[in-house]
1. Could you check the stretch 95-114 and list, in sequence order, the residues that are among the acidic types (Asp, Glu) and modelled with pLDDT of 95 or more?
2. Among (1) touching a helix residue (DSSP H, G or I) at 6+ places or on another chain (Cβ under 8 Å); (2) closer than 17 Å to Val143 by Cα, where does Tyr167 come up short?
3. Checking Ser227 against (1) over 19 Å from Ala111 (Cα atoms); (2) at pLDDT 95 or above, which test does it fail?
4. What residue, of Gly144, Gly82, Gly140, is of a type in the set (Gly, Ala, Ser), in the same structural domain as Val193 (by TED's automatic domain parsing) and modelled with pLDDT of 95 or more?
5. If you check Asp226 against the conditions, is it free of Cβ contacts under 8 Å to residues at least 60 places away in the same chain, exposed (fewer than 13 other Cβ atoms within 10 Å of the Cβ), of a type outside the set (S, T, N, Q) and on the phi < 0 side of the Ramachandran plot?
6. Can you tell me how many residues within the stretch 36-83 are in a helix (DSSP H, G or I) and surrounded by 21 or more Cβ atoms within 10 Å (Cβ to Cβ)?
7. Out of Asp224, Asp154, Asp185, Asp235, report the one residue that is more than 20 Å from the chain's Cα centre (by Cα) and either β-branched (Val, Ile, Thr) or in the same structural domain as Ile27 (by TED's automatic domain parsing) (or both).
8. Of the residues Ser115, Ser38, Ser85, Ser98, only one is among the small types (Gly, Ala, Ser) and over 29 Å from Gln177 (Cα atoms); which?
Amino acid sequence: MKKVFLLFITVLLIHTLLIPAFAEDPITIQVGTMGTYSPFSYYDENDNITGYDIEVLKLVEETDPSLHFEFTSGAWESLYPGLDSGIYDVLANQIVASDARREKYAFSEYAYFTSISQLIVGGDRDDINSLEDLEGLTVGLTVGDTWFNSNIEDYNAEHGDVIKIEYYQDDITVILQDIVNGRIDATVNDLAVAVSKAAIQGLNVKPVGERLKAAPVNLAFRQDDDSIAIRDRIDAVLAQLLESGALAQLSIDWFGADYTNPEA
């Protein structure tokens, strides 16, 4: 009887010490993203969400299975309200952490991409190569896309509103179509986004001039303690992936260059 009792105690101890490590469910993190913003967030031909930002988080999950991401798409203007209300735990949509955004939100310490802001014009235009060349012309910008929009808005503020701005609620594809159709003359957006969208839609547009600016791309979180804890867990994995070169390779696979490097 004593041996049976000791065996029972031994099994109970093993169960207590070992099982929780395997039985603990992964933490589920709700991710807000556009789903229409290729090559960073879009649906493939099988209606599965993918894109560089999405694959970064899938790589994080693969590296640390205690983190599980669920993706929900929505319009750009709905993402931050969704984060505010708790619908999303994190936003992944090629987000640049501007000073204004940092006042209200927390961001991952480690960037996983460098966004390059550049002028995009029609493929047959040779008269536009700088902001100065846009004076008297019309530029299409996306509502709420403050980091890209500031290139034109700041120039206008310093030069007396010499560039006409038309704001769009739509995806950049509509802006590119209007450039091709001659409704507007140019836009400012990420080089990788414009090239990808143009290729998918068969639109004759091109980037011109020098890069206007470059900035790191981060994940956005609320500033409460629970959100910061999630951010720190993701940051730990991002640091590992940057150190190992896995994120650099993912960027090369998607874009042909290492855009985790700000000098790319």
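1. Once the filter is applied, which keeps residues that are among the acidic types (Asp, Glu) and modelled with pLDDT of 95 or more, the stretch 95-114 yields Glu103, Glu109.
2. All conditions pass for Tyr167, except number (1).
3. (1)
4. Of the residues listed, the single one that is of a type in the set (Gly, Ala, Ser), in the same structural domain as Val193 (by TED's automatic domain parsing) and modelled with pLDDT of 95 or more is Gly140.
5. For Asp226, the condition - free of Cβ contacts under 8 Å to residues at least 60 places away in the same chain, exposed (fewer than 13 other Cβ atoms within 10 Å of the Cβ), of a type outside the set (S, T, N, Q) and on the phi < 0 side of the Ramachandran plot - is met.
6. 8
7. Within the list Asp224, Asp154, Asp185, Asp235, the selection yields Asp224.
8. Just a single option satisfies the conditions, and that option is Ser85.
The values are calculated or read from the model by the stated rules, or taken from the named source; none is laboratory data. All figures in this text were calculated on a predicted structure; none of them were measured in a lab. Neighbour counts are summed over all protein chains in view; Cβ atoms, including those assigned to glycine, are modelled from backbone coordinates with ideal geometry.
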